Amino acid sequence: MYIPLPGEELQLGVGPEKGAEYLGIGQVVRDAVLKRTDLPSTGSVLDIGCGSGRMARQFVDHLKPRGRYVGMEIQKRFVDWCNENIAPVNPAFEFYHQDIYNGGYSPEGKVKASEYRFPFEDGSFDVIILYSVFTHLLPEDAGNYLREISRLLKPGGHCYSTWYLMTPDVEVSYLLPNAKEGQVGFGFPACAAALDEAGLHADGFQPGRWNGARTDIWQDLLWLRRTEDVPEPLRPAEIATARETGDEPFVAGTLERLDPVSGTLTVLGDDGSRTEVGYARETPVRVHGAPGALSDLRPGQRVRAHYAETPSGKVAVKVAASGQLAPEQVRGIVEAVDSEANLLTLTVLNRGSLSFRMDPEREAANVDGRNIRLGELSVGQVAAVRVVPTVGSVAARSPASGDNG
Ligand SMILES: C[S@@+](CC[C@H](N)C(=O)[O-])C[C@H]1O[C@@H](n2cnc3c(N)ncnc32)[C@H](O)[C@@H]1O
């Protein structure tokens, strides 16, 4: 059944992918759901935060008209598009607007997510999907949604949910300081406690690519079920271990010291051990999943250093870092302005080409003391931007702020 692609704005409104990649994410989620849940063609699916229907459209061939697929969403433009383009193709599909407040997506919303009751009877759904939604909910909102999921799942039902699951000592982490709901990470124990309280248990975990894992989605995937369906839930320690499983040996912990003279990183492990890992200038570094430099690393950050054993000790082959970073000012020469992708590329001394996502309406670069919007910048100008490292990308935030999707 043919469903057109939504316009670019509606594709990029739910994540950085467009075209085939936008469609690909939906296929990955559908395949995972069908593989794990045996969802019958007359089964029922609730897609919370369904966005522009990226998942929904992938189920139109699987579900018969006697099945049911309900998409719930706080942005009306998405709901309207889905009702105009997906619902007519298969009568199993319905989409509803939730008039809920979210600092990033719907600041005009009237109802608190922490108090919202979904308008469905208990035990209505075989499968509930929340793709990149818990990463936009504050703890009290997430707690209510988990209780609602527990109420709405049929006995034996499954919930596919994605998260940024953080180090054990973090309860909740706002990775985008200016818009709290922009990117929210929860610690494993805090998440497990909220699940317990809601009457849910995790029975499957797949670390996401943001963690350096070679998996098919960016965020961490948690499969949830009603507590009575899972006598032996996954526990935080097991999740932490699964999350850190990689191909090469690595040390993970807090960055204690970075010594540029000896070229050594000192990592304080979660078990209290201290490990020194040598590095070279060309050692690849990722910060919140985006390419970075050794000079981006700060003591106190969560790091994972994959290493090779050499006669002179451990030498890092790649380093990944996460954790709150302070905004910084970056100054360079404008190398390119991409108004379609909203990207500004600067050539920065000692750091090469760096690209920053900018909101063309709200953010500006500083040129000779004046604020200049993305579309008005010219190649060759010396420009300064205030950047906030975020999960997955580095966004220019000067002078205003906003959500990075
Ligand atoms: C990153 S997008 C992902 C959308 C969709 N799940 C997908 O992957 O294509 C997050 C979505 O969650 C929606 N959202 C945020 N807070 C919500 C809430 N409290 N209830 C339902 N949806 C919410 C946003 O409007 C946005 O469409």
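The values are calculated or read from the model by the stated rules, or taken from the named source; none is laboratory data. Values in this document were obtained by computation on a predicted structure and should not be read as measured data. Quick reminder, even Gly has a Cβ in these numbers, built from the backbone with ideal geometry, and neighbours come from all protein chains shown.
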Fill in the blank from the handout: Selection from region 247-283 of residues within 27 Å of the chain's Cα centre (by Cα) and either at pLDDT 80 or above or part of a strand (DSSP E or B) (or both) yields 250, 251, 252, 253, 254, 255, 256, 267, 268, 269
Fill in the blank from the handout: Taking region 24-47 and the residues there that are surrounded by fewer than 21 Cβ atoms within 10 Å (Cβ to Cβ) and among the hydroxyl-bearing types (Ser, Thr, Tyr), the one that is nearest to the ligand (Cβ to nearest atom) would be 37
Exercise for the section: Look at region 351-371 and say how many of its residues are assigned to a strand (DSSP E or B) and surrounded by fewer than 17 Cβ atoms within 10 Å (Cβ to Cβ). Expected result: 5
Completion exercise
Filtering region 86-122 down to residues that are more than 11 Å from the ligand (Cβ to nearest atom), in contact with a Gly (Cβ under 8 Å, 6 or more places away or on another chain) and either of a type outside the set (A, V, I, L, M) or closer than 18 Å to residue 147 by Cβ (or both) yields 93, 94, 95
Fill in the blank from the handout: Of (1) exposed (fewer than 13 other Cβ atoms within 10 Å of the Cβ); (2) over 19 Å from the mean Cα position of the chain (by Cα), residue 21 fails just (2)
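This table checks each residue for (1) basic (Lys, Arg); (2) crowded, with 22+ Cβ neighbours inside 10 Å.
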site	(1), (2)
49	no, yes
70	no, yes
77	yes, no
84	no, no
97	no, no
115	no, no
Fill in the blank from the handout: Among the residues of region 5-18, the number that are outside any helix (DSSP H, G or I) and either modelled with pLDDT of 95 or more or buried (at least 20 other Cβ atoms within 10 Å of the Cβ) (or both) is 4
Fill in the blank from the handout: Note on region 123-141: residues more than 12 Å from the ligand (Cβ to nearest atom) and either small (Gly, Ala, Ser) or over 25 Å from residue 86 (Cβ atoms) (or both) are 123, 124, 139
Handout entry: strands (runs of 3 or more DSSP E) (entirely within region 171-232) containing at least 1 residues that are of a type in the set (Asp, Glu) and either crowded, with 22+ Cβ neighbours inside 10 Å or modelled with pLDDT of 85 or more (or both)
Key = 200-206, 220-226
